[in-house]
Structure formats: structure tokens, C-alpha cells
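Scroll down for the structure; my scribbles are underneath it.
The values are calculated or read from the model by the stated rules, or taken from the named source; none is laboratory data. Nothing here was measured: the structure is a model prediction, and the numbers come from that model. No Cβ is skipped: glycine too gets one built from the backbone with ideal geometry, and neighbour counts run over all protein chains shown. Note: accessible area is taken over every heavy atom of the protein model, side chains too, but ligands, DNA and RNA are not part of it. Shrake-Rupley method; radii C 1.70, N 1.55, O 1.52, S 1.80 Å.
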Amino acid sequence: MSSLSAFEVSREDLDLAAAGLEEPSDPGRWSVRVRGLHVTYRTPVDPRANTLRHRAMRMARASALRRGATAKDRGFREVLAVRGVDLDVEHGTVLGIIGANGAGKSTLMRAVAGILPPSQGRIEVNGRISTLLALGVGFNGNLSGRENVVLGGLAAGMTRRQIAERYEQIAAWADLGEFIDMPMKTYSSGMYGRLAFAVSTHMDPEVLLIDEALSAGDAKFKRKSYDKIGELVAQARTILLVSHAMGTLRELCSEVLWMHRGRAVALGDPEEVTAEYLRFQEVGEEPVVMEDV
Amino acid sequence: MTVSSEAAVPGSAGGARQQHVFEAQRAGMPNPRVYLEELWRRRQFVVEMARSTLKAQNYTTLFGQLWLVLNPLLTGFVYYLLVDILSGGKHAATYFPQLLAGLFLFNFLAGCMSQGAGSVIGSSRLIMNSSFPRLLLPITQIVIAFFRFLPSLLVFFVVHFVKHEHFTWASWLAVPAFVCVALFASGLSFICATAQVYFRDFANVLPYLTRIWLFLSPVLWQLETQLNRSGPKAELIAMNPLSPMLGMWGDALVEGKAGRPEWLLQGACWGIGTFLLGTVLFMWREREFSVRL
């Protein structure tokens, strides 16, 4: 673990070590390791809480009361989006993630991508991360597809030469014709999705995070993107795929994780887990027993 | 942002593999060395983003990029008219170049502040979709403000030469004066970007604050004449951190003479101090940005 020596040991680290959870990590085998992950958002109870007036009123009231305040009293509600997830993903795995809306799927993906800070726990990713998240790429709708591709690559920390080497492949895969040099605001959502997919898969990713990005395309695009995913997996690249399309997951994934209310309910064979999930959705019961998993 | 490290790890497929570790941290400061390295790696993003933003901005206007020159010219004219009416038409021969020099530099500072304030909030999609040092966003806005400042400098030089002014060795003192202002403006830009995340009213108040600051700065009037008067107003003007920097700048560029040496020292202290304060404040808070957007 010499590569980790640059970090200060946090309290969580010590806790994990004490609980015997900290095993010697083997970057050769694991692509993504998640240990005891919690992600908590703090959202204002009152939508005006971010304004000066609101703050001033609160401060005045608080000084009048002088009482111990909880998070809610301070005007915040804590949203526990992910509550204690452990996950090990081997290189070359396609892991599907399913769950109802608000189950914490996208939050988990953003935490693995390093966008959202964990409030507890630890995430280890071995390999270059590329993201294709729900909101898509694109910096400026006034700029052309070509310019946005370059900007995306530069923001990801690539050099101009590395981008130039990949650009032709990206343009050919996205197959946008003359639209590639037109402002992105003129694109249809399918074209947008095609370019976004082309960029994230051609940036030589070792860990690719895809969040409901395959749904916008037509049948031809779907076929092409399945093939591309298969190609990446053949090169031992790891893919985390959030989707509501059970058919897609059954076709592409080697494992499926079912999340419910921020917790991992089941992880295993795609057929079994998706069937179980569908049964659960039809029944609509609270999985009281499963919540303790 | 969470801690992200890249270290060579012997991968199974041979060759070095990046390793990222994201963990919960008590202290908000990321590892400065890793952070600055990541920032430096993306320097081309700043240039490309600034260039394409400026290009896209005046895409639909009749005069196009000519607005970059027209804007400062018109602003200068408006203030000249204002002061001309107020002073009854009596002022020094060098008054117009003096006004332009100060006004353009102040506009650069005001641009850094207002664009900086919008930089994080305005890029919420980018922040939620990719992981990179967030300091990149206000830095890009500072570079854009600088690119806007350059054509205004051209306007100044044209006016200056038409008025048959000449340059001396002391004129070069304008360069260190500008560096002080640029550092000061960058620090303020980082502070504004952070403030806007927490207080959304900030951007509404900011234009009035900068307008008042303009009137308290030696732009529409000359520093020497006001400092020689006594009274509380002179003291307030002497306390204005911009006074020494703008005084040095105006004297060097327009009169071709060296201002008081202590002005440069004061300017350097304010510039470096504010820059460090702003950088640390932004880096300390930036992990929270993605959960507060």
C-alpha cells in the first residue's frame, strides 16, 4: 500500500482497521473497492436558506433562543443517499446497478467517480476513470461538437495530442456527419447521447461509469453501443452500468447489484437479481428483512 | 474534492495503472501538491475554454468580435461625459487617457469578481459529471477577463498616441502594478466564487459594491490630488487597497513617471495576501460544492 502513504490516516481508516475490514488491497485483481460507504447530502429545509436574508433572520433567532441546535434547526435536512455499501468489482466485470428512483444508484456512481465526497468510508479505484453520467457531456451549447470533445478531453486531463489521436475515431463512431461542426444546441437528444457515448468510451477508460445513458438512442445505436461495451470488456476494462432496462442488463452484465434506499440489497447473477427485483416491484412491499442486508 | 492520488501500480496487464482513493476527510484541505499537479495538467483546458467562450459570445451580434474593442471605448466615453458635466469641462490635458487607463484596469478587476462569482454555480452540470480541481473554473473566468482586457489596452494606446504622449523607462512600472492587480483580482475571484455557493444573493449585491468601489478608487479622479487634501475621505481613500496599485499604474502608463515606491510594496502585499487567502478558502471549501449545488 505504498501508494497510499501520501494520505493522512483518517478516523474512518482506523475504525475499519479496528473492525478487521481493512484487507491488503490487490490492485491487480480489484478494479473498484468500496468499503462502508456513506454519502449524505445536506439540503436546505427551506429553499430560501441559501440567501443572506434567511441567514440573518436565523442568526437573530438563534441568538435569541441560545439552545443546542440539530441539523434541522440549522435549516438543513440530511439526505442519506448511500448508507453503508461494500462492493468489490474485479477487472473485466460489467456490473449492472438497479433500484427504484432515489435508491442511491447515481450517488454511488458519482462517489466512485470522485465527484461526491464520501461522508464515511473509503473508495479505491484502480485505473483511469471515464464517466458517462445522466446529464451528459457538453460545456457550451453554442460550441460545436468538435470543440466540446476537445474541451471534455482537456478537462479529463488529457493532452491535445492524445485527443487529436482519438478524435477521428470518436467522430467516426458517433457518425454525426456535418453536425459534428455545428453548435451542440442544434443536436437531437439521440445525437447528443451518441457523441457522449463515443467520447467516454474512446478516452481509453479502464473504469467506465455509465448512468442511464443508453436509453436515448435508436436501435442501431443500441446495437453499436452493446458491441462497444463487449469490446471494452474483452480488454479487461471494468464497466459500472446503471439502467432501468432489465433486458439490457441481462444481456450485458456479468453481475447485478440491487440497491434500495441507499443500501445494497442483493448482488449476484443478473437473471436472478433482476427477477427478484421485478417481483419485489410488483408486490411493492417494504423489504423489512432485506433492509438489514 | 476528495483526495485523489495517482501512483504507478503494477497492473496485471502490465504497465502502470492510475490509482484513485476517495475517502472521508475531517480536514477539508486536499493534498496541495497532488491538487496543484492536477490543476497544472489541465492548463490547456483554461486556454481552450476561454478562447471558445469568447468566440461563442459574440457569435450572433452584428459587429461580432469588434465588440471587444467597442465595449471599452463606449464605457470610457460614458464616464468621460459624466465627469465632464460634473466638473464643468475643466480638467488636465491627460485626463482622458488617465481615465481610460484606470477604468480598463478596474473593469478587469470587476470582471474577475463578477464572472468568478458565477463560475461555480454556472457550471453545476460540469461539476456533477466530472471530477477535476474546481479551481479551474474561476481561473478560466480570470483568463477570459484578461482576454477582454487586452483589446481595451489597445484602445488606450491608440488614444494615448493620438494625444502625443510618450513613454519613458518609468512606464515599465505599469507591469508590476498590473501583476499586483491581477493577483488581487484572482484572490477576490476565488472568494466570490466560494461566497456565491453559500449565499445566492451575493451576485445581486456585487454590482453595487463594485460600483461604489469604483467611485472610491483613483479612476475618475487622481490619487495625488485627493491624498493631499485632509479629512476622513482622504483617509478612506488611503485605506482602499486599490489606491496604491491604480496610482502606480496610472502614473507609469500615462505620465511616464514613477509613483511613490511604497505604493508598489503595499500593492504587492495586498495582491499576494488576497491571492493566498482566496486560494486556500476555495480549496478548503470545494469538496462541499457538489453537495450544495
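Can you tell me the equivalent ellipsoid semi-axes for segment A:82-292? Use √(5λ) from the Cα gyration tensor, largest first, whole Å. Write out the running numbers ahead of the final one.
Working: eigenvalues 195, 66, 50 Å².
Ellipsoid half-lengths, sorted descending, are 31, 18, 16 Å.
Considering only the other residues whose Cβ falls under 12 Å of the Cβ of A:Leu208, what net charge follows from Lys and Arg at +1 and Asp and Glu at -1? Let's see the in-between values first.
Numbers: positive: A:Arg128, A:Lys228, A:Arg237; negative: A:Asp204, A:Glu206, A:Asp211, A:Glu231.
Net charge around A:Leu208: -1.
Provide the packing ranking of B:197-203, A:262-268, i.e. peptides ordered by the mean count of other C-beta atoms within 10 Å per residue, highest first.
A:262-268, B:197-203
In square angstrom, rounded to the nearest 10, how much accessible surface does B:Phe167 have for a 1.4 Å probe?
Spelled out: B:Phe167, probe radius 1.4 Å, area about 80 Å².
With every protein chain left in place, what is the accessible area of B:Met113 in Å² (1.4 Å probe, nearest 10)?
Accessible surface of B:Met113 is approximately 20 Å².
Pairs of Cα atoms under 8 Å, at least six residues apart: use those to get the relative contact order of chain B, whole percent.
Working: 361 pairs, mean separation 72.0, N = 293.
Relative CO of chain B lands at 25 percent.
How would B:Tyr79, B:Tyr35, B:Tyr208 rank on accessible area, largest to smallest, probe 1.4 Å? Write down the numbers at each step before the final one.
Working: B:Tyr79 35, B:Tyr35 5, B:Tyr208 155 Å².
Most to least solvent-accessible, the answer reads B:Tyr208, B:Tyr79, B:Tyr35.
Please give the helix B:32-41 orientation as an angle from the longest Cα principal axis of chain B, in degrees from 0 to 90, rounded to the nearest 10.
80 degrees
Enter the buried accessible area of the B/A pair, total of both sides, probe 1.4 Å, in Å² rounded to the nearest 100.
Adding both sides of the contact gives about 4800 Å².
For segment A:112-119, take each phi angle, set θ = phi - 60°, evaluate the Karplus expression 6.51 cos²θ - 1.76 cosθ + 1.60, and give the result in whole Hz per residue in order, putting x for glycine and proline.
These are the phi-based 3J(HN,Hα) values: 5, 6, x, 8, 9, x, x, 8 Hz.
Taking each residue in B:37-44, count the Cβ atoms of any other chain within 10 Å of its Cβ, then average. What number comes out?
Working: counts 0, 1, 1, 0, 5, 5, 1, 10.
Rounded to a whole number, the mean comes out at 3.
Mind checking the angle between helix B:174-198 and chain B's longest principal axis? C-alpha axes, 0 to 90 degrees, to the nearest 10.
Roughly 50 degrees, rounded to the nearest 10.
Which residues' amide hydrogens lie under 5 Å from the amide hydrogen of B:Gln19, considering only partners 5 or more residues apart or on another chain, with H built in the peptide plane?
A:Gly127, B:Ala7
With a 10 Å radius around each residue's Cβ, average the other Cβ atoms per peptide and rank B:154-166, A:147-159, B:271-283, highest first. Could you put the intermediate results ahead of the total?
Numbers: B:154-166: 14.3, A:147-159: 22.0, B:271-283: 18.4.
Those peptides, ordered most packed to least, come out A:147-159, B:271-283, B:154-166.
May I ask for the net charge around A:Thr107, where only other residues with Cβ less than 13 Å from the Cβ of A:Thr107 are counted and Lys, Arg are +1 while Asp, Glu are -1? The partial results should precede the final answer.
Numbers: positive: A:Arg83, A:Lys105, A:Arg110, A:Arg261, A:Arg263; negative: A:Asp211.
My count for the surroundings of A:Thr107 gives +4.
In segment A:152-212, how does Rg compare with the Kirkwood Rh, expressed as the Rg/Rh ratio over alpha carbon atoms? Please report the intermediate quantities before stating the final value.
On the way: Rg = 11.8 Å, Rh = 12.3 Å.
A ratio of 0.96.
I'd like the mean, over residues of A:149-161, of how many other protein chain beta carbons sit within 10 Å of each residue's own Cβ.
Working: counts 0, 5, 7, 4, 3, 11, 12, 6, 11, 4, 2, 2, 0.
Taking all residues of A:149-161 together, the mean is 5.
Taking +1 at the Cβ of each Lys and Arg and -1 at the Cβ of each Asp and Glu, which of B:Ala195, B:Leu220, B:Ile121 sits farthest along the dipole of segment B:82-231 towards its positive end, judged by Cα position relative to the Cα centre?
Farthest along the dipole direction, towards plus: B:Ile121.
For segment B:119-152, which residues drop by 30 square angstrom or more in accessible area between the chain on its own and all protein chains together (1.4 Å probe)?
Listed in order, they are B:Arg125, B:Leu126, B:Met128, B:Asn129, B:Ser131.
What is the mean projected area of the alpha carbon convex hull for segment B:67-176, to one decimal in square nanometres?
Values: hull surface 35.9 nm².
Answer in nm², one decimal: 9.0.
Let me check I have the definition right: for segment B:31-292, take the eigenvalues of the Cα gyration tensor, multiply each by 5, take square roots. What are those semi-axes in whole Å, largest first? Intermediate results must be reported in sequence, preceding the final value.
Working: eigenvalues 216, 91, 61 Å².
Semi-axes, largest first: 33, 21, 18 Å.
Just the accessible area for B:Glu255, please: 1.4 Å probe, Å², rounded to the nearest 10?
Accessible surface of B:Glu255 is approximately 70 Å².
What residues have an amide H closer than 5 Å to that of A:Val265, excluding those fewer than 5 places away on the same chain, when H is modeled at 1.01 Å from N in the peptide plane?
The answer is A:Trp258, A:Met259, A:His260.
Taking the Cβ of A:Lys220 as the centre, find all other residues whose Cβ is under 14 Å away and add up their charges (Lys, Arg: +1; Asp, Glu: -1).
Working: positive: A:Arg194, A:Lys222, A:Arg223, A:Lys224, A:Lys228; negative: A:Asp175, A:Asp218, A:Asp227.
With Lys, Arg at +1 and Asp, Glu at -1, the neighbours total +2.
Sorted by accessible area with a 1.4 angstrom probe, largest first, how do B:Lys257, A:Lys220, B:Lys90, A:Lys228 fall? Intermediate results must be reported in sequence, preceding the final value.
Details: B:Lys257 90, A:Lys220 135, B:Lys90 160, A:Lys228 20 Å².
Greatest to least solvent exposure: B:Lys90, A:Lys220, B:Lys257, A:Lys228.
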